[in-house]
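Just so it is clear, none of the values below were taken in a lab; they were calculated from the coordinates. Just so it is clear, the model here is predicted, and its values are computed rather than measured. Quick reminder, even Gly has a Cβ in these numbers, built from the backbone with ideal geometry, and neighbours come from all protein chains shown.
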Amino acid sequence: MLKIIEKMPTPEEYNFLTNSVGWGTRDNKIVEEALKNSLYCVCICDDNNIIGFGRIIGDKTIFLYIQDIMVLPKYQSQKIGTKIMNMIIDRINEFKKVNPNIRTYLGASKNKENFYKKFGFKSRNDANLGDGMVLF
């Protein structure tokens with residue numbers, strides 16, 4: 001049974017996911033420090049095993065950055081990434097209560113741009129801002 005948990009994964013869980021999606025691994029101490037600096041983390045677990053993750057980093061008032069949207073390959077195409085993004089967008093909407101004009105950026109993995117467009121993201125090129133994507 002899938003569970004959505006608002007929590008920071010362990011460095012081992014994080015490295016398991018990054019390795020599974022082809023991003024490799026990093027030293028656990030580096031991962032731990034990076035995760036500690038997150039504004040928000042959400043995990044998806046199946047029988048207490050992590051299968052998906054996403055987080056927000058940034059300054060909470062002017063800029064946010066969606067980072068590390070990952071789903072284990074065998075669970076992809078089952079709307080798990082959508083569940084993660086919906087949780088992240090809900091949190092972004094909380095930050096917007098402080099500054100409705102906060103900008104939220106992300107770096108889409110190759111060929112994943114259309115997934116993020118479903119949530120209102122636009123290519124920065126389409127917004128005359130250069131490469132990347134942004135949500136206004």
Quick note on LEU72, LEU2, LEU106, ordering by fewest other C-beta atoms within 10 Å, gives LEU2, LEU72, LEU106
Order of MET85, MET1, MET8, MET70 - criterion: other Cβ atoms within 10 Å of each residue's Cβ, fewest first: MET1, MET8, MET85, MET70
Let's see if you can work this out: charge +1 on each Lys and Arg Cβ, -1 on each Asp and Glu Cβ, no other charges. What is the dipole magnitude of region 2-99 about its Cα centre, in debye to the nearest 20? 320 debye
Figure the gain on full extension for ASN48 and GLU6 (residue separation times 0.36 nm, minus the Cα-Cα span) and round it to one decimal in nm. 13.8 nm
Can you sort GLU32, GLU6, GLU13 by how many other beta carbons sit within 10 Å, fewest first? GLU6, GLU32, GLU13
In the structure shown, of LYS29/LYS79; LYS3/LYS97; LYS74/LYS96; LYS96/LYS122, the pairs separated by more than 29 angstrom at the C-alpha atoms are LYS29/LYS79; LYS74/LYS96
Take the Cα atoms of the chain, build their convex hull, and give its volume per residue in Å³. 109 Å³
With the crude spin-label approximation of a point 7 Å out along Cα→Cβ, what separation in nm comes out for GLU32 versus SER123? 4.2 nm
